[in-house]
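*Asks:* Attaching a single structure in structure tokens format; questions to follow.
The values are calculated or read from the model by the stated rules, or taken from the named source; none is laboratory data. On a predicted model such as this, the values are computed, not experimentally measured, just so you know. Note that we place each Cβ from the backbone using ideal geometry, even for glycine, and neighbour counts take in every protein chain shown.
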Amino acid sequence: MKRNLKTRIMVFGTFDILHKGHLNFFKQARALAKNPFLIVSIARDTNVKKIKGQKPTLNQHQRLEDVETCRLVDRGVLGGAKAYLPHIIKEHPSIIALGYDQTAYVDNLKRDLGKAGVKVIIRRLKAYKPQIHKSSLYKKKSL
């Protein structure tokens, strides 16, 4: 009897004010496997401030709740508070899908996960109308 195993795919981001660009990102990530299980890691408020220079509009718990209600997402998790690897290791993804503009924590990601015993495929996804669907643009419109 064949088991219907799902491929664990993990993505990362702030996901402040969920928009069509995020939804397309989730769709692209899911398309990487025949039977996907999408895990979305939400950046902690402190890490968003450190990386982007400002706090997100919505706090990490609100952003996690928004993502968890999205039908494209199978599980939402908060990213690491201090180190970025432990929560990834815990979820044990087969595939990590990176956003087109994602640069934080990616340089040694595959190597560091490999050292921790997590073999992972890393894919860079395409932008979806970044001149229209980008959180920073949505924030400017709401001001």
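*Asks:* Select from the range 97-120 the residues that are closer than 18 Å to GLY13 by Cα and of a type outside the set (Ser, Thr, Tyr) and list them in ascending order.
*Replies:* Within the range 97-120, ALA97, LEU98, GLY99, ASP101, GLN102, ALA104, VAL106, ASP107, ASN108, LEU109, LYS110 qualify.
*Asks:* Related question: If I filter the range 62-77 for residues that are without any contact (Cβ under 8 Å) to a residue 12 or more places away in the chain and closer than 17 Å to TYR105 by Cβ, do I get at least one hit?
*Replies:* No - not one qualifying residue is present in the range 62-77.
*Asks:* Continuing with the same structure: Can you run down the residue pairs with Cβ atoms below 6 Å, 6 or more apart or on separate chains, where the first is in the range 88-114 and aliphatic (A, V, I, L, M) and surrounded by 15 or more Cβ atoms within 10 Å (Cβ to Cβ) and the partner is at pLDDT 95 or above and part of a helix (DSSP H, G or I)?
*Replies:* These pairs meet every condition: ALA97/ALA29.
*Asks:* Which count do you get for residues in the range 122-143 that are under 15 Å from the mean Cα position of the chain (by Cα) and either modelled with pLDDT of 95 or more or farther than 17 Å from VAL11 by Cα (or both)?
*Replies:* 4
*Asks:* Further question: Kindly indicate whether any position in the range 97-105 is under 18 Å from TYR84 (Cβ atoms), at pLDDT 95 or above and not in a helix (DSSP H, G or I).
*Replies:* Within the range 97-105, one or more residues are under 18 Å from TYR84 (Cβ atoms), at pLDDT 95 or above and not in a helix (DSSP H, G or I).
*Asks:* Name the residue that is nearest to the chain's Cα centre (by Cα), counting only residues in the range 77-87 that are of a type outside the set (Val, Ile, Thr) and either over 18 Å from ARG63 (Cβ atoms) or crowded, with 17+ Cβ neighbours inside 10 Å (or both).
*Replies:* The residue in question is GLY79.
*Asks:* Just one of the numbered conditions (1) within 16 Å of LEU125 (Cα to Cα); (2) buried (at least 24 other Cβ atoms within 10 Å of the Cβ); (3) free of Cβ contacts under 8 Å to residues at least 60 places away in the same chain is not true of PHE25; which one?
*Replies:* (3)
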